[in-house]
1. Could you tell me which of the residues 109, 44, 116 is under 29 Å from the mean Cα position of the chain (by Cα) and not in a loop (DSSP other than H, G, I, E, B)?
2. With (1) without any contact (Cβ under 8 Å) to a residue 40 or more places away in the chain; (2) closer than 30 Å to residue 345 by Cβ; (3) of a type in the set (D, E, K, R) as the list, and residue 139 as the residue in question, which single condition is left unmet?
3. Being of a type in the set (Val, Ile, Thr), modelled with pLDDT of 80 or more and within 23 Å of residue 382 (Cα to Cα) is the filter; apply it to the stretch 42-65 and report the residue that is surrounded by the most Cβ atoms within 10 Å (Cβ to Cβ).
4. Could you please let me know if residue 290 is more than 60 Å from the chain's Cα centre (by Cα) and surrounded by 14 or more Cβ atoms within 10 Å (Cβ to Cβ)?
5. Starting from the stretch 148-162, take each residue that is under 16 Å from residue 115 (Cβ atoms) and list its partners that are assigned to a helix (DSSP H, G or I) and of a type in the set (Val, Ile, Thr), counting only C-beta distances under 9 angstrom and pairs at least six apart or across chains.
6. Being surrounded by 10 or more Cβ atoms within 10 Å (Cβ to Cβ), at pLDDT below 90 and under 24 Å from the mean Cα position of the chain (by Cα) is the requirement here; does residue 8 meet it?
7. Out of the stretch 250-280, which residues are surrounded by 13 or more Cβ atoms within 10 Å (Cβ to Cβ) and under 30 Å from residue 69 (Cβ atoms)?
8. Step by step: first the residues of the stretch 306-362, then only those that are of a type in the set (Gly, Ala, Ser), outside any strand (DSSP E or B) and assigned by the TED database to the domain that holds residue 404, then the one that is farthest from residue 291 (Cα to Cα). Which residue is that?
Amino acid sequence: MSAPTEVRVASDRIHGLVALGLAIVVMFFGVAGAWAALSPLDGAIVSEGIVKVEGNRKSVDQLEGGIVSRINVRDGDLVQVGDVLVELDRERLASQVDILRQQLTVAQATEARLSAELTGAQYITFPPELLRTDDSTARQALVSQRDEFEARRKALTGAESVLRIRIDNLWQQIEGKLSQEKLLNSQMDSLEAERESLKGLYTDGLTTRSRLLDLERSQTGILADIAEVQTSIASLKQSIVENEQQIEQLSNDRRAEVAGLLDQVRLTILDLGPSLANAQAALSRTVVRSPYAGRVVGLNVFSTGEVVPPGGTILEIVPIETRLIVEAKVRVEDIADLKIGAGAEIHFVSYAQLYVPMVEASVANVSADRLTDERTGAGYYLAQLVVDPTELAANPKIELYPGMPAQVMITTRRRSALEYLVGPLLASFDGALRQN
């Protein structure tokens, strides 16, 4: 083969290779362009998250505060409703309860005694709870009130008896005066008969006028004695009325005194009842029991003798029946793509992804307004995600704990690869044109 022919063959071969290369390049970019334009890709919002209790942890507080005498749990312990968590010193409150109970017992016994005095009963009817108790204070109060009841009744009866004896003496004096009056009236009748006889003799001249005048003077003296006796009887009767009024006044004064004391003791009972109930409730709260079934977290007391301030939180409990959620802070720029119900994938970074796969979840809630990170000042929206229970059941190695970190990828709307590549350029170009 001649040299020109060989050159022409080589040239044709090169042109063929170039054409083939160009065809391959065009085909590659054509296929890539078609894929970029037509193939949809899932977008995702990537954020850091943390496992939390839905509705937050439940705190166990102590209303009155106190000194720790015993700690029965540690962080991580599983507790049931009613389990004793912490015990506080009871001495001060127990003493207060005893004092209030004694005061209430004495007040109730006093009320029963005063009620018996007011109604004039012959004995005291005590409340059944005071009669049934074995408390020494109650027994002593019953004895004391019975003794006082008898003493006061005897004092009143004694005062009335003195007045009644005085009245009896006055009646006896009246009876004596009445007898004296009767005798004087009899003497008056005799003198009147004698005067009538002397008047006839005087008319006949058989007696002197002086004799008749002496008899009339005697009558006048007896009339004066009768008048004096009658005045004395009236005075004695007035004394009887006054003594009877004193007896009635004694009863009235006693009833008024008892009524006033009864009102006071009833007010005392009304005050002591709630005070005792509150003190008993406070005493019962020195034994801090779990109001929830769950796991202990955030124990704030660590040794006996520590002081719990009033209203202080002793510990927190993650309730068993409360599900765990994942909270993620989403950038403000991504809020338009964040929708409730959107799917997501979560990797719990405490577990190696090689051994524990990502689990599926869904967005359950999004904060209604923009929030601000207190530490950095950056704005964000809070998304709450719920892990699919079937995912956890299929991965028994995954055990969630409050506070566990997680990486969250929330699925957004689908876009083609071309949109991902060209979108930022078009947005930049559009902004540049608007600025110009």
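1. On the way: 44 fails: under 29 Å from the mean Cα position of the chain (by Cα); 116 fails: under 29 Å from the mean Cα position of the chain (by Cα).
Going through 109, 44, 116 in turn, the sole match is 109.
2. (2)
3. So the first thing to find is which residues in the stretch 42-65 are of a type in the set (Val, Ile, Thr), and the list is 45-46, 50-51, 53, 60.
Still in the list and also modelled with pLDDT of 80 or more: 45-46, 50-51, 60.
Next cut, within 23 Å of residue 382 (Cα to Cα) only: 45-46, 50-51.
On the way: 45: 21, 46: 12, 50: 15, 51: 19.
Among residues in the stretch 42-65 that are of a type in the set (Val, Ile, Thr), modelled with pLDDT of 80 or more and within 23 Å of residue 382 (Cα to Cα), the one surrounded by the most Cβ atoms within 10 Å (Cβ to Cβ) is 45.
4. Working: more than 60 Å from the chain's Cα centre (by Cα): no; surrounded by 14 or more Cβ atoms within 10 Å (Cβ to Cβ): yes.
Against the criterion (more than 60 Å from the chain's Cα centre (by Cα) and surrounded by 14 or more Cβ atoms within 10 Å (Cβ to Cβ)), residue 290 does not qualify.
5. Close Cβ pairs satisfying both conditions: 148/110; 152/258.
6. Working: surrounded by 10 or more Cβ atoms within 10 Å (Cβ to Cβ): yes; at pLDDT below 90: yes; under 24 Å from the mean Cα position of the chain (by Cα): no.
For residue 8, the condition - surrounded by 10 or more Cβ atoms within 10 Å (Cβ to Cβ), at pLDDT below 90 and under 24 Å from the mean Cα position of the chain (by Cα) - is not met.
7. Residues satisfying the conditions are 272, 273, 275, 276, 278, 279, 280.
8. Initially, the stretch 306-362 is screened for residues of a type in the set (Gly, Ala, Ser), giving 311-312, 328, 336, 341-344, 350, 352, 361-362.
Those still in the list that are outside any strand (DSSP E or B) too: 311, 336, 341-342, 350, 352.
Subset that is assigned by the TED database to the domain that holds residue 404: 336, 341-342, 350, 352.
Working: 336: 42, 341: 33, 342: 36, 350: 31, 352: 36 Å.
My answer is 336.
The values are calculated or read from the model by the stated rules, or taken from the named source; none is laboratory data. Remember, it's a predicted structure, so these values are computed and weren't measured experimentally. Note that we place each Cβ from the backbone using ideal geometry, even for glycine, and neighbour counts take in every protein chain shown.
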